[in-house]
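Please read the structure below before turning to the comments.
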Amino acid sequence: MKVLLTHRYFLPDSSPYGIILWRIGTDLSEAGHEVDIFTSRPSYGRNFAKAPRRDHLGKLAVRRVWVLSEANRNPIARIVNVVIYCVALFFHTLRARADVVTAGTFPPVFAAWTASLAARITRAKFIYHVQDIHPEVSVYSGGLLGRRLPTRILTALDNQTLRRADTIVTLSEDMAETLRARMVGPLPITVINNPAIKTDSEAIAPPPELVKPGGKIRVIFAGNLGRYQNLSLMAEGIAQCFDAHPELELLFLGDGVALEELKRRWLDHPQVRFAPFLPFAEAKEVIAGADIGLVSLNRNMYRVAYPSKISTYLDLGLRILALVEPESQMAQDLERSGTGAVPRADNPEAIGAALKALLAAQPNTISTPSCERTWAALIDGLET
């Protein structure tokens, strides 16, 4: 079958989903499918404008549309890029005449709505790969799109996409339940968690100053320091252990809107360190050298997201401290497998207690949970 995978970000851009899409595409091509990628040129970071308009990565044919640079976080540029990308996505999907078309959840709502409409016109099967659920993300995080009128409009558009989809892939049963709660009728939902982030490029040695010193126990948060990740509370909880564990080190690796707040509070603390965003080939070595990986979400975010960094942490041999509601699938998976700990409440004392228990526990052999269903099987199911 001819499969068109689409997303706003793809290699060599630094978005984790770009790597995930590459892995999905590679697996599908190895299963005998013809796989094309539609994306945009890199628009932020060091890879800006370094990727050709047409490209091949192994057997994957890649087409990139031009967009404005987002290196300076200009909101106007981001809005313009949504329009550019979605218009180009619509016409490319019409021309591609693929048997199967996929779209993710960025740009939120509009990309999947556009791709699903074009797929309907061309009679292609459509797979909605739901990485996070909008506009509910904005509702729970207090974003602008979570206000009443935008929420009603975006929900109506997204419900149209759900109805058009031949398959809806979510990352957890919690996310699946959130979609079912919209009451738009029976939905063809399947749960396939994201694979661990890996590339076929050689690992790059990180800056020497980021190599973990001997005798240290490093706790790391790697990735986007976002507004709905409750990182300030997580840091306060970890600090509960600093006096009893002078060998403990907290490292924030990445960038994001929460960085300045974190630095104001912790920059001068001897047991807290900050490191800038690194491409995964470099970041991988830093993460693998840590002992405990951090996952942190605001309340109710587990209903609309499942951080992909969990699979990557486990794949690199880290145990996990997750600030998430104990009733979530995420918490239950970690505790059932013995690969992590979850605080009993969202306060610094409970976080500190969970970390102390994790530090005192005998490390288990850690392995990444395997998905019960693969993308190749999903595509084959559509074909039959």
Would you compute the Debye intensity of the range 200-334 from its alpha-carbon atoms alone, equal scatterers and no solvent, and pass along log10 I(q)/I(0) at q = 0.13, 0.14, 0.16, 0.17 Å⁻¹ to two decimals?
-0.53, -0.62, -0.82, -0.94
Using modelled backbone amide H atoms (1.01 Å from N, in-plane), which distant-in-sequence or interchain residues come within less than 5 Å of Ile189's amide H?
Ile168
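So how do Trp375, Trp66 rank on accessible area, 1.4 Å probe, biggest first, that is with the largest at the start?
Working: Trp375 30, Trp66 135 Å².
Reading off the accessible areas and sorting them downward yields Trp66, Trp375.
Which percent, to the nearest 5, of DSSP beta bridges fully inside the chain are antiparallel?
Taking every DSSP beta bridge with both residues in the chain, the antiparallel ones total about 10 percent.
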Between Arg227, Arg264, Arg299, which gets the highest mean-square fluctuation from a Gaussian network model of the chain, Cα cutoff 10 Å?
Arg264
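Determine the dipole magnitude for the chain: charges of +1 sit on the beta-carbon of Lys and Arg, -1 on that of Asp and Glu, nothing else is charged, the reference point is the Cα centre, and the result goes in debye to the nearest 20.
Working: 43 positive and 39 negative charges, 302 e Å.
Dipole about the Cα centre, nearest 20: 1460 debye.
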Looking at the range 1-113 only, what percent of DSSP beta bridges run antiparallel? Nearest 5 please.
20 percent
Who wins for biggest fluctuation among Asn72, Asn230, Asn81 in a Gaussian network model of the chain, springs between alpha carbons below 10 Å?
Asn72
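Could I get the Rg over Rh figure for the chain? Both from C-alpha atoms, Rh via Kirkwood, rounded to two places. Don't skip to the end; give the middle numbers.
Values: Rg = 20.7 Å, Rh = 21.6 Å.
Using Cα coordinates only, the ratio equals 0.96.
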Can you work out the accessible area per residue across the chain, with the rest of the protein chains kept in place, probe 1.4 Å, in square angstrom?
45 Å²
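Could you give the semi-axes, largest first, of the ellipsoid that matches the range 133-255, computed as the square roots of 5 times the alpha carbon gyration tensor eigenvalues and rounded to whole Å?
Working: eigenvalues 297, 81, 37 Å².
Semi-axes, largest first: 39, 20, 14 Å.
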Label-to-label distance, nm, for residues given as Lys263 and Ser69 (7 Å Cα→Cβ offset)
2.0 nm
Across Ile220, Ile238, Ile76, the residue with the highest GNM fluctuation in the chain (Cα network, 10 Å cutoff) is Ile76
³J(HN,Hα) computed for each position of the range 150-155 - Karplus, 6.51 cos²θ - 1.76 cosθ + 1.60, integer Hz, glycine/proline x
x, 4, 5, 5, 5, 5
If amide H atoms are modeled at 1.01 Å from N in the peptide plane, then the residues at a separation of 5 or more from Asn230, or on another chain, having amide H under 5 Å from its own are Asn298
Among Ala360, Ala239, Met301, whose Cα sits farthest toward the positive end of the charge dipole of the chain (+1 at Cβ of Lys/Arg, -1 at Cβ of Asp/Glu, about the Cα centre)?
Met301
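Which pairs, out of Lys216/Lys309; Lys2/Lys125; Lys125/Lys309; Lys198/Lys263, put more than 20 Å between their alpha-carbon atoms? Please list the in-between numbers first.
Working: Lys216/Lys309 22 Å; Lys2/Lys125 11 Å; Lys125/Lys309 29 Å; Lys198/Lys263 30 Å.
Listed pairs above 20 Å: Lys216/Lys309; Lys125/Lys309; Lys198/Lys263.
First check a/c for the range 240-311, with a ≥ b ≥ c the square roots of the eigenvalues of its C-alpha gyration tensor; if it is under 1.5, answer rounded, and if not, answer prolate when a/b is larger than b/c or oblate otherwise. Could you put the intermediate results ahead of the total?
Details: a/c = 1.44, a/b = 1.23, b/c = 1.16.
Here the range 240-311 falls in the rounded category.
Using the Cα atoms of the range 133-197 to build a convex hull, what is its mean projected area in square nanometres? Display every interim value, and only then the final one.
On the way: hull surface 20.3 nm².
Convex hull of Cα atoms, orientation-averaged projection: 5.1 nm².
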Among Pro279, Pro107, Ala350 the positive-end extreme of the charge dipole of the chain (Cβ point charges):
Pro107
Assigned charges on the beta-carbon of Lys, Arg, Asp, Glu; the range 223-277 dipole about Cα centre (debye):
180 debye
Spin-label model distance (nm) - Ala350 vs Arg180, 7 Å beyond Cα toward Cβ:
2.6 nm
Non-local residues with an amide H under 5 Å from the amide H of Val35, with H modelled 1.01 Å from N and Pro and chain starts lacking one, are Val3, Ala61
Rg/Rg_globular for the range 62-142, with Rg_globular taken as 2.2 N^0.38 Å and Rg from C-alpha atoms:
1.17
Looking at the range 288-359, what % of the alpha carbon pairs are farther apart than 15 Å?
48 percent
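I need the shape label for the range 1-132. Rule: rounded when a/c is under 1.5, else prolate if a/b > b/c, else oblate, with a, b, c from the alpha carbon gyration tensor.
Working: a/c = 1.81, a/b = 1.28, b/c = 1.41.
Oblate, because a/c is 1.5 or more while a/b does not exceed b/c.
The values are calculated or read from the model by the stated rules, or taken from the named source; none is laboratory data. Fair warning: this is a prediction, and the values are worked out from it, not measured in the lab. Ideal geometry is used to build each Cβ from the backbone, glycine not excepted, and the neighbour counts take in all protein chains shown. Ligands, DNA and RNA are stripped out before the accessible areas are found, and what is left, the full protein with its side chains, is counted by its heavy atoms. Shrake-Rupley method; radii C 1.70, N 1.55, O 1.52, S 1.80 Å.
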